[in-house]
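Q: My structure is below; once you've seen it, I'll send some questions.
Read-outs: derived from the displayed coordinates by stated rules, not from any lab. These numbers come from a predicted model, not from an experiment. Glycine also receives a Cβ, built like all others from the backbone with ideal geometry; neighbour counts cover every protein chain displayed.
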Protein chains: 4
Amino acid sequence: MSGDSFGRIFKVTTFGESHGPGLGGIVEGCPSGIDLDEDVIQKELDKRKPGQGPASTKRKESDKVRILSGIFEGKTTGTAIGFYIPNEDQRSRDYSRIKDVFRPGHGDITYNAKYGVRDYRGGGRSSGRETVSRVAAGAIAQEFLKTQGITLKACCVELGGIRAGFNADADIYDNPYACADPEVVPQWDKLVKEVRKNGDSLGGIVEVRAYNVPAGLGEPVFDKLDARIACALMSVGAVKGVEIGNGFEAARLRGSENNDSMVKGGFLSNNAGGILAGISSGQTIIARAAVKPIPSIARDQQTVSVNGEEIKINIGGRHDISAIPRIVPVLKAMLALVLTDMFLIQRSRG
Amino acid sequence: MSGDSFGRIFKVTTFGESHGPGLGGIVEGCPSGIDLDEDVIQKELDKRKPGQGPASTKRKESDKVRILSGIFEGKTTGTAIGFYIPNEDQRSRDYSRIKDVFRPGHGDITYNAKYGVRDYRGGGRSSGRETVSRVAAGAIAQEFLKTQGITLKACCVELGGIRAGFNADADIYDNPYACADPEVVPQWDKLVKEVRKNGDSLGGIVEVRAYNVPAGLGEPVFDKLDARIACALMSVGAVKGVEIGNGFEAARLRGSENNDSMVKGGFLSNNAGGILAGISSGQTIIARAAVKPIPSIARDQQTVSVNGEEIKINIGGRHDISAIPRIVPVLKAMLALVLTDMFLIQRSRG
Amino acid sequence: MSGDSFGRIFKVTTFGESHGPGLGGIVEGCPSGIDLDEDVIQKELDKRKPGQGPASTKRKESDKVRILSGIFEGKTTGTAIGFYIPNEDQRSRDYSRIKDVFRPGHGDITYNAKYGVRDYRGGGRSSGRETVSRVAAGAIAQEFLKTQGITLKACCVELGGIRAGFNADADIYDNPYACADPEVVPQWDKLVKEVRKNGDSLGGIVEVRAYNVPAGLGEPVFDKLDARIACALMSVGAVKGVEIGNGFEAARLRGSENNDSMVKGGFLSNNAGGILAGISSGQTIIARAAVKPIPSIARDQQTVSVNGEEIKINIGGRHDISAIPRIVPVLKAMLALVLTDMFLIQRSRG
Amino acid sequence: MSGDSFGRIFKVTTFGESHGPGLGGIVEGCPSGIDLDEDVIQKELDKRKPGQGPASTKRKESDKVRILSGIFEGKTTGTAIGFYIPNEDQRSRDYSRIKDVFRPGHGDITYNAKYGVRDYRGGGRSSGRETVSRVAAGAIAQEFLKTQGITLKACCVELGGIRAGFNADADIYDNPYACADPEVVPQWDKLVKEVRKNGDSLGGIVEVRAYNVPAGLGEPVFDKLDARIACALMSVGAVKGVEIGNGFEAARLRGSENNDSMVKGGFLSNNAGGILAGISSGQTIIARAAVKPIPSIARDQQTVSVNGEEIKINIGGRHDISAIPRIVPVLKAMLALVLTDMFLIQRSRG
């Protein structure tokens, strides 16, 4: 109800802010007997760690996860899995610059309206740091999905308007942009340098795919698989759009172009992104999320103070200039959460 | 869990298929004392009735709603509101043509995979007819929102790739496309005629806005207002993409371009679509949904039978050639459901 | 959230009041392929029909159910099952006697406090008539449970302080009290006559059992099987207490007396009522509900009017003098709903 | 869904076992601006600490709570409150005695059936230690309720069959049984000594009351206030029965005796326990829970091993001989959780 939970059978509930003691969560509904240890989760967390490339902040966050329950002798017990990631590097800073100011593009003004108070040291629950708990939970989900032969892949397919291809086999971590298209990396490098020099920031598009998903996942009407995916991806801060399969392009095609024809053994195309009438078809699930540019920029911006005075603000400091690549494992985690939940719901049908 | 419910405090649960006795639903959580009668709901239902323009089927469905509970002396009592819409015009047809065939772009194959059975007479729960219950529930939500000064408007802003403007003041029902831009109507008319002649179908984009929404609606993390809207709109059959504010365009802008600057009394732009960090900012809420072309087309399509044989199918008959305009009140209803629910959740904070 | 839904995977949502057009509900999550028709539901509804014995009202309610969706060719399709039971015998009565008065023991005063309005013609949603929807949904649940070999039995085991035995094999409908103990029936007959003559009413205790329930149902912590049963039974109007196994008696035993010893093949006793640590043990599930006397009595009672004036009220008329036997199928239905839901949740574990 | 969450708007989700690193939880939906620090929670936790009387284990558990999020400058921020209580005193014991045995009256056999595995070192999630998280969450709820003038009191009113009075003003911690009736304490003392000597254990009854609860809390039909309380109390391990107001006694009274008459300014009695038709009436809320004797006893018991062999087991060691008094703050916490949640739901009505 308060929005800290996601999922029904496989459910994650999270807590934590960027400037408190730490962050964590509880994963419920994970079947028993799944191999799990902290390393598996850590590996995913490390993919969203800062300080890994030219688009990233130089802040150090080691993000060491600790499992607090639900594991016995290296396997899940079937009961609630608690996990915790302490905050580090919370240097005692001077917050006077932002304490009484609503940063443009941030949740400062809306949190203030909602709660009457806000933790001005970071974004509170709206901080991107909140996503560590998503990644941790998603790592657990991915371990379960693996036991069913289901795997996921996420790549950045557009940065600052420059497109890149999706490649299921590429190592996206041989470059600092989670890019699967080596020819595009130098163009992105050049763009990132320019934008950083200008004190500005960049958006992009991330594509997430899931392979070997059985047909039949997703519920009719309100809990369609695509509706759940849209909710999951749009719930990640900075995401402003979500599409499935050919998405917005479908709006411009004729039915004869957009329909995926079927032959013995499968489909001739996958415009639908693996989902028909809200239910998985057995084809690869394909979703894309539009990520807005980081709102914290090292340029003067027009805004107002808590008291309503008009002022200029320049948010320099240790910020990423794009949520990419750090958002990539987050979006993959969200898709994993949806699929695991929908898989278990469908399995209840017997 | 089974996906027939939407919302938490203001919650709708629906039932019904295109070829059963009828459809309906239950609205829970509507505050007491709201003026409500069948006419208010009927007026919204009439907007999605078929047979209203060149893009629509000629099927007759009078869609007369009956309120079964929750109203006393013309006002809501605060308890569950049951409503029912009987099916009509179910002429005893010959279904042998589609009984054993999976129609491309439809849920036939996925429902079969999910349930092992399916009602081959229509799409069952995947039928577009399911949306009558959404519209009825959304009409009740809109009555509540009105008491808070909140109003909604939806227009078709693109059909078959041809864009149209959004106009809050236009009468979108003076043309058969829910179009607010009179100059574009003749172009759409021409396109629709061509496409119908070719036995093909069209997609488009619908924009929905909500005015006078107070700041503070939406929950942090998973139940962000935009996540709930994405879920709501994507749960409507035929929708393949959702965006908030400038949406996918945001991915191509710099932070300095995308951030909405603030001055005394408000914002200088609304790229964010009225939502910051998942919480309403007090600006107009703006969302868009990409609608795929109707998959039932009067052309030969390659598909397979239930038994796996490859065959051709031509789905002539009384079909719409676009989900537009009939989907327009459905998407508006979904936004109304989200806002009412989020409004009541926020009000619980006191 | 508004309390009209029960269950998670197997979920029922209901609507309707005693003096509106009718009552009904929606059952979600019923697996596909289960034999179901209106007769199966009607048979259960007939067990709670009024006018069946000396303790019952002479009101006529035929309670004819109609299935509106979710069934195709005599089997469930796996999608939402809508059902409807129109009200009858709503004679245009004079409500002036109770319109402005809070009846003692009724929800008049609390509904007024909660909603600011109330439908004074009946109890609105607090009317016992609301339970028809529970019985209908429970009948569907029992059809599913049968396919798993699980059966239920409910008997009245105490009326007005006079105990009766539980007998799984007895025909409880060969007497007007749902009593499985023929020797007690004459004593209850005598008591009922006396009490009716005095214009008073009676309470009692109902025991519900479920046979052949597999071990493993129920979730740790908050969704223990006994917690769900307690919630289910206590949610029925007039129930003031619930116990599992030997219940309150357990509070007076020593551990050595209360523990159920185990031997090869099973347990030596069933004090636990088939539930250990919130999870079914494979033994028979045993629950009891304490039912208060009907508050509407044909005697002068001290109360206040809506305006706060002290007055006397005598509620003669066509009332039951005990919720027994009509509450018996309702409580059985509630246990069936819990077990079906918990069964499906457990099955999701694979 | 997996039962680790309780509540809708004010929701707690917990994790942790007796033999893992620690236990904790997440409280969602607590309004902002409530004074809260670790001391307030610690004070409640200390009431369930072991080692406090003749009926308690001598195990040392300091149960120090740490708040991990949701608090800023001594007040709640309105976002998720994470808390953690590390386990201590987990001496490296020899578990070979119980590793392969199903302890009578425990969840060993049912957890095994449910999950296929179990953590044999303690009861896993069925351990009474799980209740620390309930107490912590309940302490937060009680802080909120206090701001509304609502207070709670719980007493043990029966131990081993010997009754004691309830007294709202008594200091129940001046004796080791949470007893409000000083004359009964010596009798309980004597009984406890005898039972301990015999290696046996005791059950009892706890009564919980809430004062100054406004009329109007609770939802019709399935989420009646009493249904939610029944669920809450029965979800605590060892509870086998729950009653509201005069509870099971109501089943033996006539309507004329059981109805609470009303006069100007209130009711003449409170048989209903403050709840009419599932909604609070403004009177004191009264609930009782029957607590079974601790199943771990220092006497030979007949049971079976994991492999199905019949064996004797004697569970000596550091066990409580009654869940009383340690269960008393747990049950009070559960009532606080229900009331806070229902209060916030009702407040959403405006």
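Q: Quick one: compute the contact order of region D:147-288, relative version, from alpha carbon pairs under 8 angstrom and 6+ residues apart, as a percent.
A: Reported relative contact order: 26 percent.
Q: Here is a further query. Averaging sequence separations of C-alpha pairs under 8 Å and six or more residues apart, then dividing by the length of chain C, give the relative contact order as a whole percent.
A: Relative CO of chain C lands at 22 percent.
Q: Can you work out D for chain A in µm² s⁻¹ from Stokes-Einstein, where Rh is the Kirkwood radius over C-alpha pairs, the temperature is 25 °C and the viscosity is 0.890 mPa s?
A: Using the Kirkwood radius from Cα pairs, D works out to 116 µm²/s.
Q: Which whole number gives the average, over all residues in B:295-304, of C-beta atoms from other chains lying within 10 Å of the residue C-beta?
A: 5
Q: For A:Q301, enumerate residues with amide H under 5 Å from its amide H, sequence gap 5+ or separate chain, H modeled in the peptide plane.
A: A:I313, A:N314
Q: Let me ask something additional. Where in chain D are the helices, taken as whole DSSP H runs, whose Cα atoms extend 27 angstrom or more along the long axis and whose Kyte-Doolittle mean reaches at least 0.0?
A: D:327-347
Q: For region B:121-180, just say rounded, prolate or oblate: build the C-alpha gyration tensor, square-root its eigenvalues into a ≥ b ≥ c, call rounded for a/c under 1.5, and beyond that prolate if a/b exceeds b/c, oblate if not.
A: oblate
Q: Put +1 on the Cβ of each Lys and Arg and -1 on the Cβ of each Asp and Glu in chain D; which of D:T77, D:G203, D:L233 then has its Cα farthest toward the positive end of the dipole?
A: The listed residue farthest towards the positive side: D:G203.
Q: OK, next. Treating only the Cβ atoms of Lys and Arg (+1) and Asp and Glu (-1) as charged, compute the dipole magnitude of chain C about its Cα centre; round to the nearest 20 debye.
A: Taking the Cα centre of chain C as origin, the dipole is about 480 debye.
Q: Please compute, for peptide C:157-168, the average count of beta-carbon atoms on other protein chains lying within 10 Å of each residue's beta-carbon.
A: 1
Q: Mind checking which aspartates and glutamates have their C-alpha under 15 Å from B:K193, skipping anything on the same chain fewer than 8 residues away?
A: B:D320
Q: Please average, across the residues of D:282-291, the number of beta carbons from any other chain that are within 10 Å of each residue's own beta carbon, and give a whole number.
A: Other-chain Cβ atoms within 10 Å of each residue's Cβ, averaged: 2.
Q: Please report the equivalent ellipsoid semi-axes of region A:147-241, computed as sqrt(5 x eigenvalue) of the Cα gyration tensor, largest first, in whole Å.
A: Ellipsoid semi-axes (Å, largest first): 30, 18, 9.
Q: Can you spot the lysines whose alpha carbon is less than 16 Å from A:K312's alpha carbon? Ignore those fewer than 8 places along the same chain.
A: Straight-line reach from A:K312, under 16 Å: A:K99, B:K264.
Q: Setting aside same-chain residues fewer than 8 positions from C:K11, which lysines have a Cα under 19 Å from its Cα?
A: Partners within reach: A:K11, A:K224, B:K11, B:K114, C:K75, C:K146, C:K224, C:K332, D:K224.
Q: Kindly identify region D:54-212 as rounded, prolate or oblate by the Cα gyration tensor criterion: order the square roots of the eigenvalues as a ≥ b ≥ c, call it rounded if a/c is under 1.5, otherwise compare a/b with b/c, prolate if a/b is larger, else oblate.
A: Oblate shape, in that a/c is at least 1.5 and b/c is the bigger or equal ratio.
Q: Could you tally the net charge around D:I81, taking each other residue with its Cβ under 12 Å from the Cβ of D:I81, Lys/Arg +1 and Asp/Glu -1?
A: Every neighbour counted, the sum reads -2.
Q: Now a separate question. According to the Cα gyration tensor, what semi-axes, each the square root of 5 times an eigenvalue, does the equivalent ellipsoid of the protein assembly as shown have, listed from largest to smallest in whole Å?
A: Each semi-axis is the square root of five times an eigenvalue, giving 49, 38, 30 Å.
Q: Can I get the semi-axes of region C:203-350's equivalent ellipsoid? Compute them from the C-alpha gyration tensor as square roots of 5 times the eigenvalues, in angstrom, largest first.
A: 38, 18, 14
Q: C:K224's amide H: which non-local residues (gap 5+, or another chain) put their own amide H closer than 5 Å, with H modeled 1.01 Å from N in plane and none for Pro or chain starts?
A: Amide H neighbours of C:K224: C:E219.
Q: Can I ask one more? With a 10 Å radius around each residue's Cβ, average the other Cβ atoms per peptide and rank D:44-50, C:251-257, A:271-277, highest first.
A: Ranked by mean Cβ neighbours within 10 Å, highest first: A:271-277, C:251-257, D:44-50.
Q: Highest first, please rank the peptides B:236-248, C:338-350, C:149-161, B:95-107 by the mean number of other Cβ atoms sitting within 10 Å of their residues.
A: My ranking of the peptides, most packed first, is B:236-248, C:338-350, C:149-161, B:95-107.
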